[in-house]
Each structure stands twice: as C-alpha cells, then as structure tokens.
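What follows is a set of notes on a single structure, which appears directly below.
The values are calculated or read from the model by the stated rules, or taken from the named source; none is laboratory data. As the structure is a prediction and not an experimental result, all values here were calculated from the model. Positions of Cβ are generated from backbone atoms using ideal geometry, with glycine treated the same way; all protein chains shown enter the neighbour counts.
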C-alpha cells in the first residue's frame with residue numbers, strides 16, 4: 001500500500017557528507033602576536049615569548065599533516081629592534097614550509113625588511129602588501145599599521161590596491177591577512193587602538209568579492225569571530241600572553257597567561273574553508289574513545 005508520509009520521509013533523508021581527501025586539502029597555519037625579544041629578555045619581566053614560540057612551532061611540526069605555509073600577522077617582535085628580528089629568524093628556522101610575514105604596531109618595517117631581506121614579498125619601502133598562492137588558496141596580505149601609532153588605519157591607496165588584487169584573482173578562494181581586526185571586539189581599550197580608520201570602506205571592498213573566504217587578524221591576543229562584508233573574520237590568539245576578557249566601553253586591556261594557541265585553516269578540494277584552533281601545551285596525548293587508557297601512537301607528519 002502506498003504510504004505518502006513514508007515517501008516524504010525517504011525523500012528528505014540527506015546523504016552523508018563526503019569525507020574530503022586529506023591529500024587534496026590546503027592547510028594554512030596562522031600565528032600572531034609573537035612579541036619576540038632579544039635573547040634572555042622577558043616580556044613584563046615574566047613572559048618568555050621565545051619559549052612560547054618554540055612550543056608553538058613544535059606543536060605545528062607535530063601535526064599529522066604539515067601546513068602548506070605559515071602566515072604571521074604582526075607584532076612579530078616587541079620593540080622593532082634588529083636583534084629581536086634576528087632572534088625571530090633563528091626561532092623560525094626549523095619551519096620547512098614558506099613563512100609569510102606581516103608587520104603589526106610593535107614592528108618596524110625597515111628593521112623587518114633588513115633582517116628578512118630574502119622575503120621578497122616584504123618589498124623595499126612603504127606599506128607591506130602582497131598577494132601569493134598557498135596551495136589552492138590565494139593569500140592577500142594587507143598592512144594596517146601606521147608608524148608611531150598603536151591603532152591601525154587603511155587609507156584609500158591600500159584599499160584601492162586590495163580591490164585590484166581581489167578583482168585579479170576572481171574564482172580563487174582568498175584569505176585576507178592583516179594585523180588590526182576590522183571589527184569592534186567589545187574590549188574597550190583594544191577597540192580604541194584597533195582599526196580606527198577605514199574599517200567601513202574595507203568591508204565595502206570585501207562585500208564586492210564573494211570569493212573572499214576568510215579575513216584573518218591578530219592584535220587582540222584572543223580568538224574571536226565576526227562577519228565583515230559578508231565574510232567570516234577571525235582573530236587568532238597570541239602564541240604567548242593573552243588579553244583578558246573584560247568587556248565594555250571602559251574595559252581595560254589586561255594581560256593573562258591563558259593557554260597559547262594558533263589557528264589552522266583548512267581548504268578542502270571541494271567546500272568552504274574551515275578554521276581549527278590548535279592549543280599549545282602538553283595535554284596528555286590523544287586517546288581512543290573505545291580504549292581510553294591507550295595513547296595514540298605518534299604519527300609522522302606528511303612531508
């Protein structure tokens with residue numbers, strides 16, 4: 001006997017989502033706000049930012065699949081001194097994949113360029129801005145800094161450049177990298193030194209380009225997500241100290257030693273970009289749900 005209700009239930013059962021082939025995915029690791037000092041120095045006389053970065057790099061290299069590239073979105077060092085960038089270069093040396101750099105408000109473009117002179121994408125003068133491929137992704141890096149200011153700014157020149165780059169790569173999935181987030185976070189003091197000029201115009205540019213899959217930022221030392229121009233915008237946490245979660249217009253910027261972390265963006269062969277948060281630390285290893293006392297055997301990362 002024909003059962004219309006049964007037919008309806010059968011017709012609306014969705015097929016399971018296909019499991020993407022890991023070999024076809026693009027992985028982009030996003031680290032930010034490293035605040036590296038000269039060897040032997042501590043931030044706030046307490047935070048060993050270099051040791052935190054080493055731990056983050058160890059965690060990255062221990063991933064079952066190595067990222068295709070790493071992007072660092074600013075505040076690479078604490079005071080912009082050449083000795084700090086030289087220390088940073090030594091810390092980054094174990095990474096076998098391309099490393100893309102972008103300055104933050106603690107950085108000095110000139111010193112960064114002199115020490116990392118082999119990084120052609122940094123250019124030789126003016127704002128740091130570049131477009132490069134990472135696997136199947138297009139990474140567009142945009143400098144939001146203004147010398148001598150903690151707050152960020154996007155002028156007409158940079159926004160016109162961004163619009164032209166996005167027009168030139170239509171059809172490619174794009175990640176825009178920048179230091180200052182283009183949205184208010186709710187932490188008053190951090191918003192006062194956020195992207196104080198050009199955020200609305202930036203959102204208008206992004207809204208014209210539907211192939212922008214993510215806007216990735218730093219500066220605030222906390223994981224956050226919002227939408228800007230119809231696109232997901234994410235802030236990655238610092239690899240060292242964090243900004244405490246204190247919300248409100250009058251909220252101060254306080255630092256805290258919450259667990260460091262970084263973001264891992266994964267673009268499958270088909271489908272949208274997915275962002276994972278990777279905490280850094282010893283958490284006792286991975287265990288089977290069926291055999292909770294059995295630790296996972298260490299996996300050799302793909303090369």
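Would you please name the residue that is surrounded by the fewest Cβ atoms within 10 Å (Cβ to Cβ), looking only at residues in the range 35-56 that are in contact with a helix residue (DSSP H, G or I) (Cβ under 7 Å, 6 or more places away or on another chain) and part of a helix (DSSP H, G or I)?
Checked the range 35-56; the qualifying residue surrounded by the fewest Cβ atoms within 10 Å (Cβ to Cβ) is 54.
Please enumerate the residues belonging to the range 98-123 that are assigned to a loop (DSSP other than H, G, I, E, B) and either more than 16 Å from residue 147 (Cα to Cα) or in contact (Cβ under 8 Å) with a residue 40 or more places away in the chain (or both).
Selection gives 98, 103, 104, 105, 106, 116, 117, 118, 119, 123.
With the condition kept exactly as written, say whether any residue in the range 131-144 is closer than 24 Å to residue 196 by Cβ, buried (at least 21 other Cβ atoms within 10 Å of the Cβ), at pLDDT 95 or above and out of contact with any strand residue (DSSP E or B) (no Cβ under 6 Å at 6 or more places or on another chain). Looking for residues that are closer than 24 Å to residue 196 by Cβ, buried (at least 21 other Cβ atoms within 10 Å of the Cβ), at pLDDT 95 or above and out of contact with any strand residue (DSSP E or B) (no Cβ under 6 Å at 6 or more places or on another chain), one finds none in the range 131-144, hence no. In the range 253-275, how many are under 17 Å from the mean Cα position of the chain (by Cα) and exposed (fewer than 12 other Cβ atoms within 10 Å of the Cβ)? Qualifying residue count for the region: 2. Filtering the range 182-205 to residues that are outside any helix (DSSP H, G or I) and crowded, with 19+ Cβ neighbours inside 10 Å leaves 182, 183, 185, 187, 194, 195, 198.
In this structure, residue 92 qualifies as within 19 Å of residue 53 (Cβ to Cβ) and within 19 Å of the chain's Cα centre (by Cα). Out of all the residues in the range 242-260, is one or more touching a residue at least 40 places away in the same chain (Cβ under 8 Å), under 24 Å from residue 128 (Cβ atoms), in contact with a strand residue (DSSP E or B) (Cβ under 7 Å, 6 or more places away or on another chain) and in a loop (DSSP other than H, G, I, E, B)? No, the range 242-260 contains no residue that is touching a residue at least 40 places away in the same chain (Cβ under 8 Å), under 24 Å from residue 128 (Cβ atoms), in contact with a strand residue (DSSP E or B) (Cβ under 7 Å, 6 or more places away or on another chain) and in a loop (DSSP other than H, G, I, E, B).
Rundown of residues vs (1) buried (at least 23 other Cβ atoms within 10 Å of the Cβ); (2) out of contact with any helix residue (DSSP H, G or I) (no Cβ under 8 Å at 6 or more places or on another chain), yes/no style:
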{"position": "214", "(1), (2)": "yes, yes"}
{"position": "236", "(1), (2)": "yes, yes"}
{"position": "244", "(1), (2)": "no, yes"}
{"position": "251", "(1), (2)": "no, no"}
